[in-house]
Amino acid sequence: MSESADNKLVLLSGWGCDARLWQALDGHWPSGLEVTTPEWPGYGERDALEDPASLDELAEAMANDLPSDAVWVGWSLGGLLAGALLDRLPAPRALVLLGMSERFPHPEGVSRAALAQFRKAFRRDPAGTHAHFLRWQLGGEPSPRAAHRRLRALLGDDASADTATLAAGLAQLAEIDNAERLASPPCPVHRLAGEA
């Protein structure tokens, strides 16, 4: 990338993880690249939406954080939500989906049944289910224990989002389908996913 002023990258976290997740990449960006890591509503210090499941409210809340002259990079739920917001906000220069396709439940990933079980477990024990999620998502790492220690060092042990926001995020993972939006997207869309 050239060092022009329009080299902007917006990094969007996934379910259960706030923007601190991206700190692990600090120092790895080329000079001249402006990187922002906005919090989703309900995460970190950012106020939750009145209706955490509302994509219209989400678009309104995120409008200033998702500029059209940037590349949006969304990991997991962050990518799913960024794709859904393409209908509601001016399109970015490009959208990069990390570990996400048009929809979350996928034959080669998490099944609808597994997601339904996870949502049921979350309703019973939000904190325990979130802690399990942080361990589970690292299963494909070469050293899952070391990766879990690094993740806990970044994020701590407690979810940085309120329970209603987390529950709405799980519902969005189950329900949002961006297949039609991404069949003819308003910007280039790139998908990156690892084998595990």
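Between the beta carbons of ALA193 and GLU34, assuming R0 = 41 Å, the FRET efficiency works out to 0.95 to the nearest 0.05. Close amide-amide hydrogen proximity is noted between ASN7 and GLU34, each under 5 Å apart and 5 or more residues distant or on a separate chain (H modeled in the peptide plane; Pro and chain starts excluded). Rounded to the nearest Hz, the phi-derived 3J(HN,Hα) couplings of segment 70-75 under the Karplus curve 6.51 cos²θ - 1.76 cosθ + 1.60 (θ = phi - 60°) are 10, 9, 8, 10, x, 9, where x marks glycine and proline. One chain, two ends: SER111 and GLU45. Fully extended at 0.36 nm per residue, the span grows by 20.5 nm beyond their Cα-Cα distance.
Residues VAL35, VAL10, ordered by accessible area of protein heavy atoms at a 1.4 angstrom probe radius and largest first, appear as VAL35, VAL10.
Let me make sure I get this right: for segment 1-138, a, b and c are the square roots of the gyration tensor eigenvalues over alpha carbons, sorted descending. Under 1.5 in a/c it's rounded, otherwise prolate if a/b > b/c, else oblate. Which is it? Prolate. Between the listed residues PHE118, ALA174, GLY83, the Cα displaced farthest toward the positive end of the dipole of the chain, a dipole computed from Cβ unit charges relative to the Cα centre, is found at PHE118. The length gained by stretching the chain between THR163 and ALA53 to full extension, at 0.36 nm per residue less their Cα-Cα distance, is 38.4 nm. Counting only protein heavy atoms and a 1.4 Å probe, segment 1-129 has 50 square angstrom of accessible area per residue. For segment 75-144, relative contact order (Cα pairs under 8 Å, six or more residues apart, normalised by length) works out to 24 percent.
Per-atom-type breakdown for the chain gives carbon and sulfur 50% of the accessible area (1.4 Å probe, protein chains only). Over the chain, Cα pairs under 8 Å with separation of 6+ residues give a relative contact order of 28 percent.
Take the chain and mark each of the GluC sites (Glu not before Pro) that is in a DSSP loop with at most 11 other Cβ atoms within 10 Å; the longest unmarked stretch, sites excluded, is 109-194.
Close amide H pairs (under 5 Å, H built 1.01 Å from N) link GLY42 with ASP47, ALA48, LEU49, residues at least 5 positions away or on another chain.
The values are calculated or read from the model by the stated rules, or taken from the named source; none is laboratory data. Remember, predicted model here, so these are calculated numbers, not experimental data. Ideal geometry is used to build each Cβ from the backbone, glycine not excepted, and the neighbour counts take in all protein chains shown. We work out accessible area using only protein heavy atoms, side chains counted, and drop any ligands, DNA or RNA first. Shrake-Rupley method; radii C 1.70, N 1.55, O 1.52, S 1.80 Å.
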